[in-house]
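Student: Dumping the structure here so I can ask a few things about it.
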Amino acid sequence: MTFRKYRFDVASNELMNEKQAIIFNENLYISKLKNSACRLEEEVRLLLEKDLEEIGEFNVNVEESFDGFVVFSKSKMRKGKNNIECGHWVRGKYNDHLSLICEKRSEYDYVDNSRIVRYELFNQNDLMCIYRMAFQEKSLDARIVDGKLIAKRDVSINKDTQRFKAVINMKGRDDVLVLDGGILLLTRYLVVNNFIGDFFYFSMNLFGKILHCKMTINATRKRIKVFHRTFQNAIHVINVQYFNNYPSEVCESYYTPNGKLILHFWHDFQYIIHETKGFIKPVERIVPKLELMWRSHHLLLDRYRSRKQLTYETAMAYFKEHPELTDFLHDYLLNVIKFKPLNVLDFSVRFFQKFKKVPATQVF
């Protein structure tokens, strides 16, 4: 009934079926707001290149398995004046009903404004004081076995590690429990199936706390402008996480009607995930002056085309006489695809020099 009454204003060729939409691969960009006066709170969301600074990438891939879906997600970004690298990765598995089977999440980062002092013996009489930055890594391994949710949490600061374990009985409960990778899958599933309203589910953060979450998908469509691209009829999704009945984190997302993520940002953080990259200046090919001269001369251009055709025919005739060259060319193409050289000509010369015959005087 909702589908019949609501006017989506979307062309039918832009809508994808459920299977095509849920199995996806997205490469997104992570940017940091340069100032707090960003126009994300206005009616028309607007992002310009002067407002953002690109600091990393975000990749998510969902594949189909024999009993559900497998989620892979990772991010890598730089922060601070020293461009310190931090990020996360997720590997999860969910069944056909998007119920959690298992998921493991890891997050690594340097703790801001923190140092660890270590004292090492420099010689028999002196101790040397060493300051090291605190490198923190948090991981969570959650899986459901025999109706029980088993969660293992590790927190490591440099070489010191703390481990915790919790067991929660899930039998007889119809609550939807998804973790970080499952939230992306769940949101896309609801958007593709034209869900409108509030959807309640449970999740678990890296500290092992169970969070009650509410996802609101609004019926009103928005217009988003990110850099040089404008997205019409964007679907607005608000996700709120509650801990002890208090909202702990609020984030907003915008999706296309076929489930592709356009923009995602948190209210309490200065980081934004977006689909569109800023303007990339095209590399201009420098054409030599002589080439412009002979290409503009019709007689010289005809001569060039005839010689090019003759060279092609001569080369094909040579290949017919020497069919053994096909294997060498296959090997050459595979190496080009594998190593992706920046200078293909130099790579080709070095590749075929291996088959050069060594003179008899140089053989020892």
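Student: Could we say that ARG105 is surrounded by 15 or more Cβ atoms within 10 Å (Cβ to Cβ), within 18 Å of ASN27 (Cα to Cα) and touching an Asp or Glu at 6+ places or on another chain (Cβ under 7 Å) here?
Tutor: In short, no.
Student: Now for a different question. Would you pick out the residues in segment 191-225 that are out of contact with any strand residue (DSSP E or B) (no Cβ under 7 Å at 6 or more places or on another chain) and of a type in the set (A, V, I, L, M)?
Tutor: Matches in segment 191-225: VAL192, ALA219.
Student: For segment 145-174, name all the residues that are outside any loop (DSSP other than H, G, I, E, B) and open to solvent by 60 Å² or more (accessible area, probe 1.4 Å).
Tutor: VAL145, LYS148, LYS152, ILE157, ASP160, THR161, GLN162, ARG163, PHE164, LYS165, VAL167, ASN169
Student: Oh, and also: Counting just the residues of segment 144-182 that are touching a residue at least 60 places away in the same chain (Cβ under 8 Å) and among the β-branched types (Val, Ile, Thr), which one comes out farthest from TRP89 (Cα to Cα)?
Tutor: VAL176
Student: Which residues, taken from segment 79-102, are more than 17 Å from PHE202 (Cα to Cα), within 17 Å of the chain's Cα centre (by Cα) and surrounded by 15 or more Cβ atoms within 10 Å (Cβ to Cβ)?
Tutor: CYS86, GLY87, HIS88, TRP89, VAL90, ARG91
Student: Suppose we keep only residues that are among the aromatic types (Phe, Trp, Tyr) and in a strand (DSSP E or B) within segment 175-218. Which one would you say is least open to solvent (accessible area, probe 1.4 Å)?
Tutor: TYR201
Student: Residue check: is THR216 modelled with pLDDT of 85 or more and of a type in the set (Ser, Thr, Tyr)?
Tutor: In short, yes.
Student: Then there is this: Can we say ARG285 is modelled with pLDDT under 80, surrounded by 10 or more Cβ atoms within 10 Å (Cβ to Cβ), out of contact with any Gly (no Cβ under 8 Å at 6 or more places or on another chain) and basic (Lys, Arg)?
Tutor: no
Student: Testing ILE84 on (1) within 24 Å of LEU177 (Cα to Cα); (2) at pLDDT below 85, one condition comes back false. Which one is that?
Tutor: Answer for ILE84: the failing condition is (1).
Student: A further question follows. For ASP268, state whether it is over 20 Å from the mean Cα position of the chain (by Cα), part of a strand (DSSP E or B), among the charged types (D, E, K, R) and surrounded by fewer than 16 Cβ atoms within 10 Å (Cβ to Cβ).
Tutor: no
Student: Here's another thing I want to ask about it. Within segment 233-248, restricting attention to residues that are within 22 Å of TYR189 (Cα to Cα) and without any contact (Cβ under 8 Å) to a residue 24 or more places away in the chain, which residue is least open to solvent (accessible area, probe 1.4 Å)?
Tutor: HIS236
The values are calculated or read from the model by the stated rules, or taken from the named source; none is laboratory data. These numbers were taken from a predicted model, which means no experiment stands behind them. FYI the Cβ positions are ideal-geometry reconstructions off the backbone, even for glycines, and counts take in every protein chain you see. To get the accessible areas, we keep the full protein, side chains included, count just its heavy atoms, and leave off ligands, DNA and RNA. Shrake-Rupley method; radii C 1.70, N 1.55, O 1.52, S 1.80 Å.
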